[in-house]
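The structure under discussion appears below in the form of structure tokens.
Computed from the coordinates by the stated procedures, all read-outs in this text should not be read as laboratory data. Quick caveat: nothing in here was measured; it's all calculated off a predicted structure. All Cβ positions, even for glycine, are placed from backbone atoms using ideal geometry, and neighbour counts span all protein chains on display.
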Amino acid sequence: MKENYLNISFPSLPDNVSLSRVIAASFAAQLDFTLNELEEIRVAISEAVSNCVIHAYPEHPGEVRLELRIKDDTLMIKVIDEGCGIQDLDLAKTPAYSSDPERMGLGLVFMESFMDEMTIESQLQKGTQVLMVKKPERSKNSSHDCQ
Amino acid sequence: MKLELKRNGRVLTVQISGELDLSTSPAFRSRIEEELGQDQEIKHLILDLQETNFIDSSGLGAILGRYKTIVQRNGKLTAVNVPPHLQRLFELSGLLKVMTICPSLEEAQNLD
């Protein structure tokens, strides 16, 4: 049974988006993910942390907590902020919904597409917690073989 | 991220090295808009992604923004040397409705 975790906090600065990608991908590489799956994790974490920078703390940088966990063959990623929260979660999840012409409104769509599970809990003026779960396809196949 | 811009007739080719994300997309936007603003003769934009190792939705948004400028000039947006993982992002995003992928830069440059 494999277990590991890593918790870090950082300010919601654009430069920390790439840092969070590197950390999450390095941590995820402890599992049997393919390069393509690691790429998907990099995109998902990038979207989650970018949302903290753009939406959670639109005026001034605030704190972002990144919690990475491995339990057995599963990677769990939590991205937590104490920012302004999401007013309408269903609207935010709508593909191509964005008020900014330079943005495609695809962040949540990519997070849902590239991870096995994605859940969001959000409260206005209290913050948002995103949980993303992913298991290597090779582990899924080998567990099926055992049955 | 490093950008290398080359002008060939009415075509502007931009080679993107590194990562196009929230942190780097403002520089991508301003550098290309500056070039397009200075030269109204430029009609088409080619993105060479050979050295691009990461793009997320912020980067895709920055690309879409440049399409909006180019399409006002009746130009075309083309990507060349697209790695497989980026091709998948382009497909998922719907960007391929407005951007063509060409296998080679030579082929992409035959636009006018």
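What is the list of residues in region A:72-96 whose amide nitrogen lies under 13 Å from a point 7 angstrom out from the Cα of A:E63, following Cα to Cβ?
Once the point is set 7 Å along Cα→Cβ of A:E63, A:80-83 turn out to lie under 13 Å by backbone N, inside region A:72-96.
So which residue, out of A:R69, A:R42, A:R103, gets the largest mean-square fluctuation from a GNM of chain A using Cα contacts under 10 Å as springs?
Checking each option, the largest mean-square fluctuation is seen for A:R103.
Which residues make up the longest stretch of chain B clear of GluC sites (Glu not before Pro) that lie in a DSSP loop with no more than 16 other Cβ atoms within 10 Å, not counting the sites?
B:52-112
Express in whole angstrom the spacing between the alpha-carbon centres of region B:52-70 and region A:4-53.
When both Cα centres are located, 20 Å separates them.
What is the diffusion coefficient of chain A in µm²/s, taking the Kirkwood radius over Cα pairs and the Stokes-Einstein relation at 20 °C with a viscosity of 1.002 mPa s?
This corresponds to a translational diffusion coefficient of 137 µm²/s.
If amide hydrogens are placed 1.01 Å from N in the peptide plane, which non-local residues have theirs closer than 5 Å to the one on A:M104?
Under 5 Å from the amide H of A:M104: B:G61.
Fewest to most neighbouring Cβ within 10 Å: what's the order for A:C52, A:C84?
So the residues, fewest neighbours to most, are A:C84, A:C52.
Need one number for chain B: average projected area of the convex hull over its C-alpha atoms, nm².
Mean shadow area of the hull around the Cα atoms is 5.9 nm².
Kindly flag which residue pairs out of A:K93/A:K134; A:K78/A:K140; A:K134/B:K2 have an alpha-carbon separation exceeding 25 Å in this structure.
A:K134/B:K2
Along each principal axis of its Cα atoms, how long is region A:1-57 end to end? Whole angstroms, biggest number first, please.
Dimensions of region A:1-57 along the principal axes of its Cα atoms: 38, 23, 15 Å.
Just the ratio, please: alpha-carbon radius of gyration of the protein assembly as shown over 2.2 N^0.38 Å, N its number of residues.
Against the empirical 2.2 N^0.38 Å value, I get 1.07 for the protein assembly as shown.
Please compute P(r) over all alpha-carbon pairs of region B:26-71, binned at 5 Å starting from zero, and give each bin as a whole-number percent.
Per 5 Å bin, starting at zero, the Cα-Cα P(r) for region B:26-71 comes out as 5, 19, 32, 27, 13, 5, 0 percent.
Once the other residues with Cβ under 11 Å from the Cβ of A:M115 are scored (Lys, Arg +1; Asp, Glu -1), what is the net sum?
Net charge around A:M115: -4.
Who wins for biggest fluctuation among A:L89, A:L131, A:L13 in a Gaussian network model of chain A, springs between alpha carbons below 10 Å?
In this elastic network of chain A, the residue with the biggest mean-square fluctuation among A:L89, A:L131, A:L13 is A:L89.
Is there a quick way to get the dipole size of the protein assembly as shown? I mean about its Cα centre, with the Cβ of Lys and Arg at +1 and of Asp and Glu at -1; what is the value in debye to the nearest 20?
340 debye
From the backbone phi of region B:65-74, what are the Karplus-calculated ³J(HN,Hα) couplings (6.51 cos²θ - 1.76 cosθ + 1.60, θ = phi - 60°) in whole Hz, Gly and Pro given as x?
So the Karplus estimates, Gly and Pro as x, are x, 6, 4, 4, 6, 5, 5, 5, 9, 6 Hz.
Show log10 I(q)/I(0) for region B:67-112 at q = 0.16, 0.20, 0.23, 0.24 Å⁻¹, two decimals, from a solvent-free Debye sum over equal Cα scatterers.
-0.45, -0.69, -0.86, -0.92
Just name one of A:N4, A:L38, A:A48: the one whose Cα is farthest towards the positive end of the charge dipole of chain A (beta-carbon charges, Lys/Arg +1, Asp/Glu -1).
Highest projection toward the positive end goes to A:N4.
So which trypsin sites (Lys or Arg not before Pro) in region B:14-112 pass both tests, a DSSP loop state and at most 16 other Cβ atoms within 10 Å of the Cβ?
In loop regions of region B:14-112 (DSSP not H, G, I, E or B), the sparsely surrounded trypsin sites (Lys or Arg not before Pro) are B:R73.
Computed on alpha carbon atoms, what radius of gyration and Dmax characterise region A:43-120, expressed in Å?
In Å, with Rg to one decimal and Dmax whole: 13.0, 42.
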